[in-house]
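The values are calculated or read from the model by the stated rules, or taken from the named source; none is laboratory data. Everything numeric in this text was worked out from a predicted model, so none of it was measured. Heads up, the Cβs are rebuilt from the backbone with ideal geometry, glycines too, and the neighbour counts pull from every protein chain shown.
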Amino acid sequence: MVKKRPPAPPPEIPGFEFIRLLGSGGFSDVFLYEQELPRRRVAVKVLLAQASGETARQQFVAEANLMAQLSTHPSIVTIYHADTAADGRPYLMMEYCPRPNMSVRYRSERIAVAEAIRIGIRLAGAVETAHRIGILHRDIKPANVLTTDYGWPALTDFGISVVSTATPGGEAVGMSIPWAAPEFFADDAVRGVGGDIYSLGATVYTLLKGASPFEDPDGPNSALDLITRIERSAVPPIGRPDAPASLESVLVRAMAKRPEGRYPSAASFGRALQRVEQEMQLSQTSLDLPDTSWAQTEGSEDTDDLRTRARMVTTVQQGMVSDSSVPPPISAPPPGPAGPAAPPPQPNGEEPEKRRRWPALLASLAVVAVIVVVVIIGALNSPDVPINETSTTPAPTEEIPTDTLEIPPPPVGLEGERSPGGPIRFTWAAPEWEGELTYIWRIQGEQNTERTVGGTTLDVDDPGTVCVEVASVTDRGSLSEYASACAG
């Protein structure tokens with residue numbers, strides 16, 4: 001048994017009083033301090049002296065800078081300060097989240113389906129925000145999801161993050177195997193946005209099941225066992241009667257073996273969870289995304305006026321199904337129709353009533369102009385405009401397809417044939433559909449066991465006759481009817 005190392009002594013930080021140890025990791029300790037002014041409690045992550053080499057320091061500084069860029073997000077831990085203590089150890093001062101992290105919670109309590117979905121949507125907003133500025137987290141897991149005083153999940157520990165959209169090969173330093181994507185175990189695989197989406201789906205799955213996705217309660221769970229299952233085995237059913245099949249399907253897709261089989265963005269994963277909320281008639285959870293529309297008006301003479309009068313809300317509610325990774329730009333509204341020409345100056349003998357009528361007319365036109373500008377700007381920004389928190393009806397935007405367009409056709413010509421001495425190979429053709437389609441399959445009659453499959457070929461290794469069902473899935477998570485076929 002490996003002996004647990006004792007924590008290093010807390011550093012002396014002027015203006016802060018040490019309270020107690022919060023936790024220890026491989027390269028750092030986290031302590032609780034009381035700040036004197038302003039009076040508040042803060043968590044301080046301190047790098048170990050023996051791990052304070054140049055490489056470790058650079059990584060520590062990178063973590064501080066990354067989290068500082070993201071910490072305004074409501075579901076990312078806030079960074080207050082970073083510095084080096086008098087004894088030479090770098091430290092990171094951040095928001096103190098007193099409630100148990102998600103790793104503690106899922107092991108000690110049964111988390112409700114509605115709460116797990118809500119956590120997943122809020123974390124999806126945090127991850128999408130990081131991705132939009134080119135930051136990959138690479139270690140999303142329950143232990144890195146803290147809980148604020150207000151009950152919000154807060155993503156932390158960007159210590160092994162990279163500023164990139166995809167990195168081929170390289171080391172997966174510090175990654176947590178139970179929640180890592182299959183490509184993380186291959187030397188030459190591209191590790192990009194899809195890896196974070198997999199880990200995000202695996203984290204939500206863990207909160208629901210009370211165990212990591214490929215943890216076997218009755219078998220060995222060594223690192224090699226877990227890696228083998230992650231790479232080869234289908235995602236096991238959650239096994240909760242209160243978890244709808246649609247939720248299982250969303251998580252199965254998020255944890256597809258190949259990155260291209262997963263959701264194209266964290267935002268689209270969050271919107272798929274919002275649709276499950278709608279199906280379950282739950283109150284709507286906002287998908288918090290950054291509002292960059294104001295940056296598009298920098299060159300306009302009316303920039304300040306537009307920001308004041310029509311600043312857009314930065315949340316996306318249920319029914320906002322656009323998968324665009326960047327909000328649409330905002331442009332200045334077109335000029336309205338010309339108002340009535342100003343009357344020529346009146347002589348001194350003009351009636352007082354007419355002179356009073358002209359300022360009133362100008363005021364009325366100004367009010368109308370303001371309303372027109374706000375309405376036009378709102379229309380231009382409609383993909384990111386939230387609907388009411390308690391509403392279950394999607395906002396009517398052009399990007400929401402009709403029912404006919406939303407549901408894709410099933411696979412075409414599904415059939416199976418056993419190769420001599422080998423598995424049964426099922427094949428089908430892609431149906432006509434304007435967007436991208438992926439596919440899920442299950443053994444016929446086995447509910448809640450859906451698994452993703454790459455391409456239009458499926459091999460099932462079974463000695464007997466096998467009947468399968470295959471469905472098409474759009475990039476927005478909508479499922480077709482199942483096509484079925486048997487072979488033996």
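Observations on the model:
- Residue match in segment 26-44 (condition: touching a Ser or Thr at 6+ places or on another chain (Cβ under 9 Å), outside the structural domain of Ile121 (by TED's automatic domain parsing) and over 30 Å from Ala211 (Cβ atoms)): no
- Test for Ser222: is it among the small types (Gly, Ala, Ser) and under 26 Å from Ala130 (Cβ atoms): no
Here's the yes/no breakdown for (1) in contact (Cβ under 8 Å) with a residue 40 or more places away in the chain; (2) acidic (Asp, Glu); (3) in the same structural domain as Ser212 (by TED's automatic domain parsing):
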| position | (1), (2), (3) |
| --- | --- |
| Val61 | no, no, no |
| Ala64 | no, no, no |
| Met67 | yes, no, no |
| Ser75 | yes, no, no |
| Thr84 | no, no, no |
| Tyr91 | yes, no, no |
| Ile117 | yes, no, yes |
| Tyr150 | no, no, yes |
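- Out of Ile160, Ile121, sole residue that is modelled with pLDDT of 90 or more and touching an Asp or Glu at 6+ places or on another chain (Cβ under 9 Å): Ile121
- Asp225 meets each of the listed conditions (1) among the acidic types (Asp, Glu); (2) touching a residue at least 12 places away in the same chain (Cβ under 8 Å); (3) closer than 22 Å to Val460 by Cα apart from (2).
- Some residue of segment 199-210 being assigned to a loop (DSSP other than H, G, I, E, B), more than 19 Å from the chain's Cα centre (by Cα) and surrounded by 21 or more Cβ atoms within 10 Å (Cβ to Cβ): no
- Among the residues examined, Leu37 does not qualify as surrounded by 13 or more Cβ atoms within 10 Å (Cβ to Cβ) and either of a type outside the set (S, T, N, Q) or on the phi > 0 side of the Ramachandran plot (or both).
- Picking from residues in segment 184-198 that are assigned to a helix (DSSP H, G or I) and within 23 Å of Ile133 (Cα to Cα), the one that is farthest from the chain's Cα centre (by Cα) is Phe184.
- Residue in segment 93-113 that is touching a His at 6+ places or on another chain (Cβ under 8 Å) and not in a helix (DSSP H, G or I) present: yes
- Any hit, segment 279-294, residues being part of a helix (DSSP H, G or I), over 16 Å from Arg451 (Cα atoms) and modelled with pLDDT of 95 or more: yes
- Verdict on Glu406 being charged (D, E, K, R), under 25 Å from the mean Cα position of the chain (by Cα) and either surrounded by fewer than 20 Cβ atoms within 10 Å (Cβ to Cβ) or modelled with pLDDT of 90 or more (or both): yes
- Residues that are modelled with pLDDT under 80, more than 20 Å from Ala272 (Cβ to Cβ) and assigned to a loop (DSSP other than H, G, I, E, B) are absent from segment 466-486 altogether.
- For Pro220, the conditions (1) more than 23 Å from Arg275 (Cβ to Cβ); (2) part of a helix (DSSP H, G or I) all hold with the exception of (2).
- Any chance Val30 is closer than 16 Å to Phe158 by Cβ and modelled with pLDDT of 80 or more: yes
- Scanning segment 89-146 for residues that are of a type in the set (Gly, Ala, Ser) and under 11 Å from the mean Cα position of the chain (by Cα), we see that the one that is surrounded by the most Cβ atoms within 10 Å (Cβ to Cβ) is Ala124.
- Residue match in segment 67-85 (condition: buried (at least 19 other Cβ atoms within 10 Å of the Cβ), among the charged types (D, E, K, R) and either modelled with pLDDT under 90 or not in a loop (DSSP other than H, G, I, E, B) (or both)): no
- Number of the condition not met by Tyr91 [criteria: (1) touching a Gly at 6+ places or on another chain (Cβ under 9 Å); (2) modelled with pLDDT of 90 or more]: (1)
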